[in-house]
Amino acid sequence: MKIYLAPMEGLADFYLRKLIAKTGGYDLVITEFIRVVDQLLPAHVFYRNAPELRNKGRTADDTPVRLQLLGSQPDALALNAKRAIELGSQGVDLNFGCPSKTVNKSKGGAVLLNEPETLYRVVKAVKDAVPAGHITSAKMRLGFNDSNLMHECADAIVQAGADELTIHARTKAQGYVPPAYWHLVGELRDRIPIPVIINGEIWNNQDARRALTEGGCDHLMLGRGAIRQPWLARHIKANSDQIESWSMMLDLVREFWAMVQAEMGEKYCSGRLKQWLHYLKEIYPEALVLFMDIRRLTDITQITARIEQELCK
Ligand SMILES: Cc1cc2nc3c(=O)[nH]c(=O)nc-3n(C[C@H](O)[C@H](O)[C@H](O)COP(=O)(O)O)c2cc1C
């Protein structure tokens, strides 16, 4: 079984990717998307989105990192896909699932699920541009407003030569609201001859087992579940329901805080910490208390003092 860490724009940035990957169990990490319009982007855009490219497309603990591209113009996507590989990305992933209105308006993300022929042209152009031996993967939802075209979309992606397909088991219209329709991935799975990675609403080991069974898949992708519980991939592989202690979690939180403080500047770093605690509080009551205590703080010294106080408990 392979487990991928999901691309999550504005959430799974370089710092969280680094920490989550080092907990073990992840076979691949996908970056936040880079939006491609009609031209080849400069190298600094790739490095900003994926600093791991400077480490041969690997996280600090050596987990492979794949860059994700979003757009609808085949030629421009092909140029950027080739560049991503040259810069060190471990394959290229194409985003056909983003629900953002702005992105969809400019013909990017999930809106392309209304146009299987565009999916085909995009995947084909990228596959042809990516040097042999490197993976072209795609990530789709079940559809835009409904799942009527899901078979056509998956077929288009496969026939265009994609090597792997991740399916977020919901339509764009279903957003992020539970449930995820894993059984529909199962309906698709039978006619897809490439590895299918199932995604959506996998929060614990039990969910993972059900998703794999209902979806008929061997592989899965974790998104918000990995943010809440970074060790989840390792536990799913061991078929375990274990949850790490708050003290272990706190070590990661401290490391995260040290990194974002050093790299992001005072204005943004406290927001990033609060955002992560917001997810962690679903598992750890201590995270809720910490979150409430620092909620209104922006001063770095005060936040650090509160975290240090937590360590002494
Ligand atoms: C904050 C956030 C940002 C996301 N950004 C991306 C993205 O850049 N590219 C993408 O393909 N999916 C993106 N997604 C979707 C996730 O990759 C994933 O498909 C979705 O969260 C469902 O999985 P989960 O239930 O395990 O979280 C994002 C999701 C969230 C919550």
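Quick notes
- Rounded to 5, percent antiparallel among DSSP beta bridges of segment 3-237: 5
- Working from label points 7 Å from Cα in the Cα-to-Cβ sense, the Ile194 to Asn114 distance is 2.5 nm.
- Distance (nanometres) between label positions extended 7 Å along Cα→Cβ at His151 and Asp163: 2.9
- Per-pair calculated FRET efficiency, R0 = 30 Å: Lys22 and Thr298 via Cβ, rounded to 0.05: 0.55
- Label sites at Asp38 and Gln275, each approximated as a point 7 angstrom past Cα along Cα to Cβ, lie 3.1 nm apart.
- Peptides 273-283, 234-244 ranked from most to least packed by the mean count of surrounding Cβ atoms within 10 Å: 273-283, 234-244.
- Gain on full extension, evaluated as 0.36 nm per residue between Ala258 and Lys105 minus their Cα-Cα distance, stands at 51.3 nm.
- Across the accessible surface of segment 246-311, with the other protein chains kept in place and a 1.4 Å probe, carbon and sulfur atoms take up 53 percent.
- Additional length obtainable on full extension of the chain from Asp241 to Leu11, 0.36 nm per residue less Cα span: 80.3 nm
The values are calculated or read from the model by the stated rules, or taken from the named source; none is laboratory data. These numbers were taken from a predicted model, which means no experiment stands behind them. Note that each Cβ is placed from the backbone with ideal geometry, even for glycine, and that neighbours are counted across all protein chains shown. To get the accessible areas, we keep the full protein, side chains included, count just its heavy atoms, and leave off ligands, DNA and RNA. Shrake-Rupley method; radii C 1.70, N 1.55, O 1.52, S 1.80 Å.
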